[in-house]
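Reading through the structure tokens given below for one structure.
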Amino acid sequence: MPPRLNFWSACRALSLQTRVFAQGPQPGPAAVARGLADNTTSRLPPHDNSSALPPSMLPMNQQPTSSENEAALNQLRLIEYGLNPLDPAVEGHKYGLPELPLPTEKHTKHRYDAVIHQITRLLMRDGKLAKAQRDMAMILNYLRTSPPPRLDPSKPLLPGAPPAHHLPLDPVLYLGLAIDSVAPLVKMRGFKGLAGGGKSLEVPMPLRARQRRRTAFLWILDVVNRKPSKGSGRTMFPHRVAEEIVAVVEGRSSVWDRRLQVHKLGTANRANLMNANIKGKL
Amino acid sequence: MSAPNCLRCLLRPSAGIPVSSLPRSTPFALVRAAPFTTTTANPRPKKEAQADGKPKNHTRAGKKLKLGKFKKEKVGDRGRPPLPGERKAYRKRITLSNDNAIPVPWLTDLGSADLANPANMARVMALPVELQDQLRASEAFKPTQCWGMFRKPAVLVRKETVDLANRMQNAVDKRQTLRLVVTGDKVTGKSMMVLQAMAHAYLNNWVVIHIPEAQELTTACTEYAPIPNTDPVQYMQPVYVLKLLQAIKRANENVLARTYTVNPHPELSQSVPPNTPLLALANAAKEPDAAWPVFQALWSELTTQGANRPPILLSVDGLAHIMKISDYRSPAFDLIHSHDLALVRLFADALGGAVQLPSGGAVIAATARNNAPRTPSMELALAQREAEQARAEAQANGLDPNAVEVPQKDPFFRGYDDRVEAVLRSVQVLRVRGVDKLEARALMEYWAASGMLRATVDEKTVTEKWTLAGSGVLGEMERAALLTMRI
């Protein structure tokens, strides 16, 4: 049974410290701003002695003890009048407070663009993330120093893409656009033995954005790994990747054919979605 | 090419869509696409099964004997293999402009007095075209520097730059030689300081002889031969010297054409009478065999006292490599000291103060931090010179000079080199540190105006990059702001 809630039980639950503790460290401006949070004495609303509390439980008469307290009390008075004495963007911060909510690039784990983040990890070999990041920086650097791409109208980029001469100055967009443009929409999923005669039933499945990008970039990496490299040294691999990215945007890359092939297969097999055997398995 | 599928979606011609709305060139009837159906269970179109051209009648799908299945997959034709040196040339090529970058309107070209003018401190200034050609001919640009990002090459005029240019100017005014070693931490801009010194020299019509990589002289990668009638034996490096001569010729064409020989040079195979332009003298070397005598003749002409000679700048990058025992061997298979290589000796003598330049000039050497062998004598000597400078400065400021301790030799260490110590006994040391925030801001404004830094340049950003770069180390600032994944 819960204890009865009345005034006396509430008073018993209170622990009052009537004496001032030993002097702590001087409250800093932040502490003052918090409204005397480090004042060690508890404060109760003033009440008259008619409540018949025992004298030991009566709070001591509170006097401002220091200039900080005085300042804080003045601020409280200002608050009472409806003014705001504390502007946290000004008070105690050299460069002000950041605006909330924090933009995603301020977060350690999301500081890079989503596409860049994903693709850097796809570039990574043997767990060497820092090397992959350096490679990615070199790829972006190559993209912004190479001449603007000559777009191929038969291999259109995503709708809403900026004109070609805008791309080199925004290499992140350039890379993302290339990858999103060749990304396939579907993949084929094989259901074993459902097509009759031991053959698997190929059913097109839609891909999520991350999956699409992954597939597209793995195709690009396939092409890159088959290409001979021109230079030597640490820029060798990133420059090959970047050349392939430019080839994709210019419509010269064989990745486009691969995408087309997958889409053809997808449209050819879309009837299999209605197959009775896979009902409930998707 | 006409794709049976739309490129952006999975749209395919079917009865529901009017033909006119489809972006295709093939007639509708020719497209071999089946109408939508739910009856087929065969996912593969027939054409694909017969794609390899073999009849499928007698082969069964299933297990087949496959010989050599563990063989490596054959890599396709990789085309022509690169020629010797081609890959290195690709790696070392230098691009000085980026057409994508936005031209910076307030960028002004360097004039002859600009680098020595304190008013230009913390300003970014462009290199004029002819200066670019001169610097390129003497290989002052390095592939690791970020020249290829901006519309035209530009340099930040730092406090140290103005200091160095003024020292050079003072030395020439008094017809003395400035002997100076530029040192500092990694990527603080030591090579760039040498480049700026060279730019100052070229703009003021000095003769500049620059050795871009000292390691090429001592790592035994270029030919060498003993010089006859020398005791102790000295060695010349004919191929390198020929290359150096050609670089000198291309970079200093104007000055050398205006300077004339005063002495006859009977030792040369080609007759060079007095009053010939030095350019013609430098042209006399056509093959490596003649290179060293020609270079010697050119050097003796340039240092002839009493004639009207331009000031000279000798500069080298990577000093540690020529302050050690080289990788070359003598006929007795002993290692040759770097200072026994004639070209290095010439430079070391000049740095040590043994050569009197007729119109004054400067000998500037820069240390390197990444590619540098351990040279205890050089490190000690530079630390000592630095401490002595600090002492002199303390004395000038009325402080106690003894508070600065001059490092001493370790008595139990044998690896010191007396010849190196003798060379570095009286050089000045210029330590390059990070830039201050004003300079950092000027640089970042230039980056942002070029479109390479996509951020607002305010106090916060500048402080952020400056701090990330270890108190404004320039190379680190570039890494933090330009060579990053966050653009």
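Against the empirical curve 2.2 N^0.38 Å, the C-alpha radius of gyration of the range B:147-264 lands at a ratio of 1.30. Remark: mean inter-chain Cβ contacts per residue of B:92-101 equal 3, using a 10 Å Cβ-Cβ cutoff to other protein chain atoms. Within straight-line reach of B:Lys465, meaning a Cα separation under 14 Å, sit the following aspartates and glutamates at least 8 residues removed in sequence or on another chain: B:Asp436, B:Glu439, B:Glu445, B:Glu476, B:Glu478. Over chain B, DSSP H runs of length four or greater, each weighted -39,500 (n - 2.57), average out per residue to a 222 nm ellipticity of -10000 deg cm²/dmol.
Quick one: Debye curve from the alpha-carbon atoms of the range B:343-414 only, equal weights, vacuum; give me log10 I(q)/I(0) at q = 0.13, 0.16, 0.19, 0.25 Å⁻¹ to two decimals. Computed log10 I(q)/I(0) values: -0.60, -0.85, -1.02, -1.11. The reciprocal of the average 1/r between distinct C-alpha atoms defines the Kirkwood hydrodynamic radius, which for chain B equals 27.3 Å. Hydrodynamic analysis of the range A:192-269 uses the Kirkwood radius over alpha carbon pairs. Inserted into Stokes-Einstein at 37 °C and 0.692 mPa s, it gives a translational diffusion coefficient of 223 µm²/s. Geometric descriptor of the range B:435-481, per residue, is 56 Å³ (volume of the convex hull of the Cα atoms).
Each Lys and Arg Cβ is given +1 and each Asp and Glu Cβ -1; about its Cα centre, the range A:147-282 then shows a dipole of about 640 debye. Dividing the radius of gyration of the alpha carbons in the range A:110-278 by their Kirkwood radius gives 1.04 for Rg/Rh. Sequentially through the range B:464-479, phi angles give Karplus couplings (6.51, -1.76, 1.60; θ = phi - 60°) of 4, 5, 4, 6, 4, 8, x, 6, x, 5, 5, x, 6, 5, 4, 5 Hz, Gly and Pro residues having no value and appearing as x.
Cα-based radius of gyration for the range B:180-226, normalised by 2.2 N^0.38 Å, reads 1.46. Placing +1 on the Cβ of every Lys and Arg and -1 on the Cβ of every Asp and Glu, with nothing else charged, gives chain B a dipole about its Cα centre of roughly 4240 debye. Looking at the range B:273-417, the pairs of alpha carbons with a distance over 25 Å make up 48% of the total. For the range B:85-168, the alpha carbon positions stretch 44, 30, 20 Å along the principal axes, listed from largest to smallest.
Each reported figure results from applying straightforward, stated rules to the coordinates on display, with no laboratory input. Not measured: the values here are computed from a predicted model. Glycine gets a Cβ as well: all are built from the backbone with ideal geometry, and neighbour counts include every protein chain shown.
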